[in-house]
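Here is the structure we will look at.
The values are calculated or read from the model by the stated rules, or taken from the named source; none is laboratory data. Note that the coordinates shown come from a computational prediction; the quantities given were computed from them, not determined experimentally. Note that each Cβ is placed from the backbone with ideal geometry, even for glycine, and that neighbours are counted across all protein chains shown. The area values use the complete protein model at the heavy-atom level, side chains included, leaving out ligands, DNA and RNA. Shrake-Rupley method; radii C 1.70, N 1.55, O 1.52, S 1.80 Å.
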Amino acid sequence: MTKKLNFIRQHILDLPAYQPIFPLDVLAEELGIDKNQLNKLDANENPFGPLPEVKEVLSEIDSYHIYPDPESRQIRNLLAEHHNLPQECIVIGAGADELIDLIMRIVLDPGDKIVNCPPTFGMYAFDGLLNRAEVISIPRNPDFSLNLPALISAVEIYQPKLMFLANPNNPDGSTISEDDFVQLVNLPILLVIDEAYIQFSDPGQTLIPQISDYPNLIVLRTFSKWAGLAGLRIGYGVFPAEMTPVLMKAKQPYNVSVAAEAAAVITMKHLSKAEERVAKIIEQRNQLLVGLAQIPWLSTYPSQANFILCKVMHRSAREVRDGLRNQGVLVRYFDKPGLSDHIRISIGTEEQNQQLLCALKGMSKL
Ligand SMILES: Cc1ncc(COP(=O)(O)O)c(C=O)c1O
């Protein structure tokens, strides 16, 4: 018998798998429900999809056989203009996800430490482990605010290189207070603020204007949520200018596809139209909060994002997720500490939200 060869690095073998969302057709088949009948409120996607102009532009491109611009110049120019920043500060990624990994790849040596504040977006800890970092977890307070004293002493004790904070945070939708931000950014650490949902928050929350004041601050953005381009994979980061050449050197040369860049460019050119859709989602979020308040066994958290986290009382959150799923309504359940009695509902169209509320009301009778 031949000896089984093991070529895989041990820390990758040991890595717990990230739990992504199942593709719609797989779920539809599993549930025996037509995929067009599924009400997808589980991945914080944009229920309106991309602008119609995106579909038009994508159907007209005649250069799909040519590699994309490795420097994504067109979209970087537009973003630089939009944020009133030099183009040298902006790096484009295949989603913010790629940039989270890229930052770690250029910053971390094996054994370096990063700080993570769960419950939060799972990729920070996942990519940290993938990059052989030690992940120092400083759990949030029960209301999901940051535990500042614990964070400050963790930085002192462990001397981590990096800290990741989503603003607003996924899964609860809370934002970082100005006071917390100022205390954190003044620590000897590279602070990455992930603004994947910032367009859904109150005006003035973005930390991009602070970039020029702090050489240890990075802000990430994505076109997945507000612009409805999750399937095309495009996001960007605003970096201290001296980091950009290193990121450009370390990234895959053709990381952003021709289609993704063109879609982002046309969206930026029709920004006010995309913003109108964001405003509709915010309006729907506020209406859904009112509707959810009528479900006596759910309690909601205020949200500055395109989702609402709900605590499920007197019944199991997993069963609520399953019960909704059997009716074709998909919401997110996390089997994780601090979240196992919660579900997260992404904001849909008015019709989608009504269907969800109806299904929840029906479950109240059980
Ligand atoms: C906080 C946060 N950051 C980043 C992402 C991923 O963004 P992208 O689709 O651009 O990779 C998500 C997706 O759910 C998220 O919740």
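Values computed for the structure shown
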{"read-out": "Residue within segment 95-105 that is in contact (Cβ under 8 Å) with a residue 40 or more places away in the chain, buried (at least 18 other Cβ atoms within 10 Å of the Cβ) and among the acidic types (Asp, Glu) present", "value": "yes"}
{"read-out": "Count - residues of segment 255-300 that are out of contact with any His (no Cβ under 7 Å at 6 or more places or on another chain) and either outside any helix (DSSP H, G or I) or of a type in the set (Phe, Trp, Tyr) (or both)", "value": "11"}
{"read-out": "Any strands (runs of 3 or more DSSP E) falling wholly within segment 75-137 and containing at least 2 residues that are within 16 Å of the ligand (Cβ to nearest atom)", "value": "90-93, 113-116"}
{"read-out": "Qualifying positions in segment 106-137 - charged (D, E, K, R) and surrounded by fewer than 19 Cβ atoms within 10 Å (Cβ to Cβ)", "value": "ASP109, ASP112, ARG132, GLU134"}
{"read-out": "Counted residues, segment 355-366 - those being open to solvent by 50 Å² or more (accessible area, probe 1.4 Å) and either among the charged types (D, E, K, R) or free of Cβ contacts under 8 Å to residues at least 60 places away in the same chain (or both)", "value": "4"}
{"read-out": "Hits in segment 313-337 - residues which are open to solvent by 50 Å² or more (accessible area, probe 1.4 Å) and on the phi > 0 side of the Ramachandran plot", "value": "HIS314"}
{"read-out": "Inter-residue pairs, beta-carbon under 9 Å, first on the phi < 0 side of the Ramachandran plot and among the aliphatic types (A, V, I, L, M) and in segment 119-137, second modelled with pLDDT under 95 and within 14 Å of the ligand (Cβ to nearest atom), 6+ apart", "value": "MET123/TYR18"}
{"read-out": "Residue match in segment 139-161 (condition: open to solvent by 20 Å² or more (accessible area, probe 1.4 Å) and part of a strand (DSSP E or B))", "value": "no"}
{"read-out": "Qualifying residues in segment 252-303 (those that are free of Cβ contacts under 8 Å to residues at least 12 places away in the same chain and touching a strand residue (DSSP E or B) at 6+ places or on another chain (Cβ under 9 Å)) - the one nearest to VAL54 (Cα to Cα)", "value": "THR300"}
{"read-out": "Filtered residue count, segment 214-229, keeping only those that are outside any strand (DSSP E or B) and more than 21 Å from GLU283 (Cβ to Cβ)", "value": "5"}
{"read-out": "Answer residue from segment 235-268, given it is closer than 11 Å to SER72 by Cα and within 16 Å of the ligand (Cβ to nearest atom) and is most open to solvent (accessible area, probe 1.4 Å) among those", "value": "SER257"}
{"read-out": "From ILE176, ILE193, ILE211, residue being within 16 Å of the ligand (Cβ to nearest atom) and either without any contact (Cβ under 8 Å) to a residue 12 or more places away in the chain or not in a loop (DSSP other than H, G, I, E, B) (or both)", "value": "ILE193"}
{"read-out": "Residue within segment 4-19 that is within 16 Å of the ligand (Cβ to nearest atom), surrounded by 14 or more Cβ atoms within 10 Å (Cβ to Cβ) and assigned to a loop (DSSP other than H, G, I, E, B) present", "value": "no"}
